[in-house]
Amino acid sequence: MTRYASTLLIALLAGLALFGGFNALVDPFGITGAPDIPGLTARDTRLLEDGGRVHVADRLARGGDRAILLGSSRTVDGFPHEPEHWPGGIYNAGMRGTNIFELSQAAALAARNEELRCVVIGLDLDEFGVHSKAKATYWLSALTDGRRWLSLARVSLSPNTFGASLQLIADNLTGGAPRVPWAETYPAGAQRERYESGARGIYSWYQGYTFDPERLMMFQDVLDALTASGIQVTGFIHPLHAWREEALVRSGALDEYLAFRQLLAETFEAYSDREPVEACVPGGGAVLWDFSGFQPFARQPAPGPEQTGAHPAFYEPSHYLPHVGQAMLERMRLERMEAPSGTVPFGVRLTPGTAASTADALRERRQAWLERPDGLAATALFDDLEQTRPEPEVPTPQFLNRDDRRSLDDKLERIAPAASRR
């Protein structure tokens, strides 16, 4: 019996070793450093298979970047993979489907490294809701505990990794690649349908949205710790196309959004007078920009009913194009004033002192847009939608717990001090 048990245990361990070794060799998420095998693994087609969490977290844990750009899929799709004209370079560490919990963990993980000087982070109302906390592969990545080697073990032994490994090999053998949701040209009307369906969907989503003050408090802890260690944190509120912003207004969430802007401005202002070791943008230790609010570049008309060409600034109402993101980085560095469309304002510094006046300007820009053909079309869409009385989209709340806070606190305690960055 003992011999049988020993044989079974040896076979099990050997199987796990082979399974993990295969995943480590194929390395679909680009974290083990395994050499590329021409024709089998040379093309990294699955780095962002999980929304990018495993790959991004591994790079942040390894360190070496002087500046990082954090955010959701808006950051992944809305900025170049390698942004230009940023002194010392900036790594696009965006992760699809993320939120302020995962973004806070990522910022704290990156701040352990002495090389880090600046964090640029995209924010909006979405990131601070109770509807989401972490995607499945978060628990595999180094975002969980900050321990890269434990993450390597978890990832290597994961069935999700095995599936990605097989798909990567298939891609290399057949020339396949992940489906890309965006294109330069579309079938006639496809773009318009994407705008209309996106506006309808986000209307119901906003109706069921619940802001979580605990998430803002958690982010404030991160902002406090990073700026105290000499890291400059630059936040920016993502731009949205006017159709999506109108969905927010018509859903009744405008007052909540403006209150959120005020709270965010006060949060950044509390740490703005701290001196960064090496500033990347003018404005102090904590700087906040706002690119939302019916700004002219976001009011460019939605694609027409038969249009085939892509919109000049937005893939669809929630996602902007990389040249817009590149321009936003240049704007935050005060290297440009105009949007790519040549319009102003393009981004405004948001502080407690400017929150009220910029909110008034937002309302004025909206009213001017509503009187134009594109605004009238959006009004007709939401008028029709309200007639159907759509049900609010109310997901199961995912509140932060003690373990979530402990995992973040552990990372914050290991942040490199300001003296080590000089």
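A 1.4 Å probe run over the protein chains yields, for segment 98-138, 17 Å² of accessible area per residue, whole-number rounding. Under 5 Å from the amide H of Tyr315 lie the amide H atoms of Tyr320, Leu321, each residue being 5 or more positions distant or on a separate chain, with H modelled from the backbone and absent for Pro and chain starts. Taking only protein heavy atoms and a 1.4 Å probe, the accessible area of the chain is 56% carbon and sulfur. The mean accessible area for residues of segment 324-422, using a 1.4 Å probe and ignoring ligands and nucleic acids, is 57 Å² per residue. Here the label points at Leu150 and Ala361, each 7 Å from Cα along the C-beta direction, are separated by 4.7 nm in the simple model. One chain, two ends: Thr32 and Val344. Fully extended at 0.36 nm per residue, the span grows by 107.7 nm beyond their Cα-Cα distance.
Rounded, prolate or oblate: pick one for segment 145-269, where a ≥ b ≥ c are the square roots of the eigenvalues of its C-alpha gyration tensor, a/c under 1.5 means rounded, and failing that, prolate if a/b is larger than b/c, else oblate. It comes out oblate by the Cα gyration axes.
Summarising the label geometry, the points placed 7 Å from Cα in the beta-carbon direction at Thr354 and Ala380 lie 3.7 nm from one another. Rounded to the nearest whole Hz, the Karplus-based 3J(HN,Hα) values (6.51 cos²θ - 1.76 cosθ + 1.60, θ = phi - 60°) of segment 332-344 follow the sequence 5, 8, 6, 8, 7, 10, 9, 6, x, 7, x, 9, 9, with x at glycine and proline. Each residue of segment 103-112 was assigned a 3J(HN,Hα) from its phi angle through the Karplus curve 6.51 cos²θ - 1.76 cosθ + 1.60 (θ = phi - 60°); the sequence is 5, 5, 4, 5, 4, 5, 5, 5, 6, 5 Hz, with glycine and proline shown as x. One entry in (i) 32, 28, 21; (ii) 32, 26, 25; (iii) 38, 27, 21 is semi-axes √(5λ) of the Cα gyration tensor in Å calculated from the shown coordinates; its label is (iii). According to the Kirkwood relation over distinct C-alpha pairs, the hydrodynamic radius of segment 178-240 is 16.0 Å. Which residue, Leu125, Leu166, Leu329, tops the fluctuation ranking in a GNM of the chain built on C-alpha contacts under 10 Å? Most flexible of the set in this elastic network: Leu166.
Stokes-Einstein, applied to the Kirkwood radius of segment 316-422 over Cα pairs at a viscosity of 0.890 mPa s and 25 °C, places its translational diffusion at 127 µm² s⁻¹.
When DSSP beta bridges are restricted to pairs lying wholly in the chain, around 25% turn out antiparallel. Solvent-accessible surface of segment 222-280, taken per residue with a 1.4 Å probe and all protein chains present: 29 Å².
The three principal axes of the C-alpha atoms in segment 46-120 carry coordinate ranges of 28, 25, 22 Å, sorted with the longest axis first.
Taking the helices alone, the chain has a mean residue ellipticity at 222 nm of -14500 deg cm²/dmol, built from -39,500 (n - 2.57) per DSSP H run of at least 4 residues and averaged over all its residues. Applying the Karplus relation 6.51 cos²θ - 1.76 cosθ + 1.60 with θ = phi - 60° to segment 237-252 yields 3J(HN,Hα) values of 8, 4, x, 10, 5, 4, 5, 6, 5, 5, 4, 4, 5, 5, 7, x Hz, where x marks Gly and Pro.
The values are calculated or read from the model by the stated rules, or taken from the named source; none is laboratory data. What you see is a predicted model; the values in this text were computed from it and never measured. So basically every Cβ, Gly included, is an ideal-geometry build from the backbone, and we count neighbours across all protein chains shown. These accessible areas exclude ligands, DNA and RNA; they are computed on the full protein's heavy atoms, side chains included. Shrake-Rupley method; radii C 1.70, N 1.55, O 1.52, S 1.80 Å.
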